[in-house]
Amino acid sequence: MRIDEVTWDDTATATLRAAQRAEIAETYGTPDSEPGTPPSAADIAVFVVAYAEDGDPVGCGGLRDLGGGVGEVKRMYVVPSRRGTGVAREVLTALESWARSRGWRALWLETGDRQPAAIRFYRRCGYRPVPAFGAYADEPSSRCFGRHL
């Protein structure tokens, strides 16, 4: 597996992000369950894609700069057939490494209460509950986590 930094508009990222949004829409029963401003090319500091040995894109994730040395993990996603194989951990490790190299001190993220596998994953990776931040502050289904780098 390899992890590459790519642009937000890269074909692989668009496909993976669309799959992530479709899965979230199905989980929450609404096409738009994200509070706040969705990530875009204008506000994503870095986006990475994990590629399988055969070159297929199998996972992705990005970081939004929140300022003050803090970044937000955005659009973490692994295709269902590759879950549990270490792809997500590799993507998150790449994002954390990128953030450290820029002097960021912490990463925060939000996931939903209907995503227990994501919550377990982030906890296993050392992320701990933090108070809901930004647009998630008034969202009862939001679960926010953070980790010092």
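The values are calculated or read from the model by the stated rules, or taken from the named source; none is laboratory data. Bear in mind that the values here come from a model prediction, so they are computed numbers and not experimental data. Here Cβ is always computed from backbone atoms with ideal geometry, including for glycine, and neighbour counts include all displayed protein chains. With ligands, DNA and RNA removed, areas are computed over all heavy atoms of the protein, side chains included. Shrake-Rupley method; radii C 1.70, N 1.55, O 1.52, S 1.80 Å.
Could you list all residues from segment 1-47 that are part of a loop (DSSP other than H, G, I, E, B), among the β-branched types (Val, Ile, Thr) and without any contact (Cβ under 8 Å) to a residue 40 or more places away in the chain?
Residues of segment 1-47 that are part of a loop (DSSP other than H, G, I, E, B), as a first pass: 1, 7-10, 29-43.
Filter once more, so that each one left must be among the β-branched types (Val, Ile, Thr): 7, 30, 37.
The one that is part of a loop (DSSP other than H, G, I, E, B), among the β-branched types (Val, Ile, Thr) and without any contact (Cβ under 8 Å) to a residue 40 or more places away in the chain: Thr30.
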Out of the residues in segment 52-108 that are part of a loop (DSSP other than H, G, I, E, B) and aliphatic (A, V, I, L, M), state the one that is least open to solvent (accessible area, probe 1.4 Å).
Ala52
Filter segment 1-16 for residues that are open to solvent by less than 40 Å² (accessible area, probe 1.4 Å) and more than 16 Å from Ala45 (Cβ to Cβ); which is modelled with the lowest pLDDT?
Ala12
Sole exception among (1) under 22 Å from Phe133 (Cβ atoms); (2) out of contact with any helix residue (DSSP H, G or I) (no Cβ under 9 Å at 6 or more places or on another chain) for Glu90, by number
(1)
Sole exception among (1) open to solvent by 30 Å² or more (accessible area, probe 1.4 Å); (2) part of a strand (DSSP E or B) for Ala132, by number
(2)
Starting from segment 135-146, take each residue that is touching a residue at least 12 places away in the same chain (Cβ under 8 Å) and list its partners that are surrounded by 13 or more Cβ atoms within 10 Å (Cβ to Cβ) and part of a helix (DSSP H, G or I), counting only C-beta distances under 8 angstrom and pairs at least six apart or across chains.
Ser141/Tyr28; Ser142/Tyr136; Arg143/Ile119; Cys144/Tyr136; Phe145/Ile119; Phe145/Tyr122
Enumeration of residues in segment 109-121 that are surrounded by 12 or more Cβ atoms within 10 Å (Cβ to Cβ), part of a helix (DSSP H, G or I) and of a type in the set (A, V, I, L, M):
Ala118, Ile119
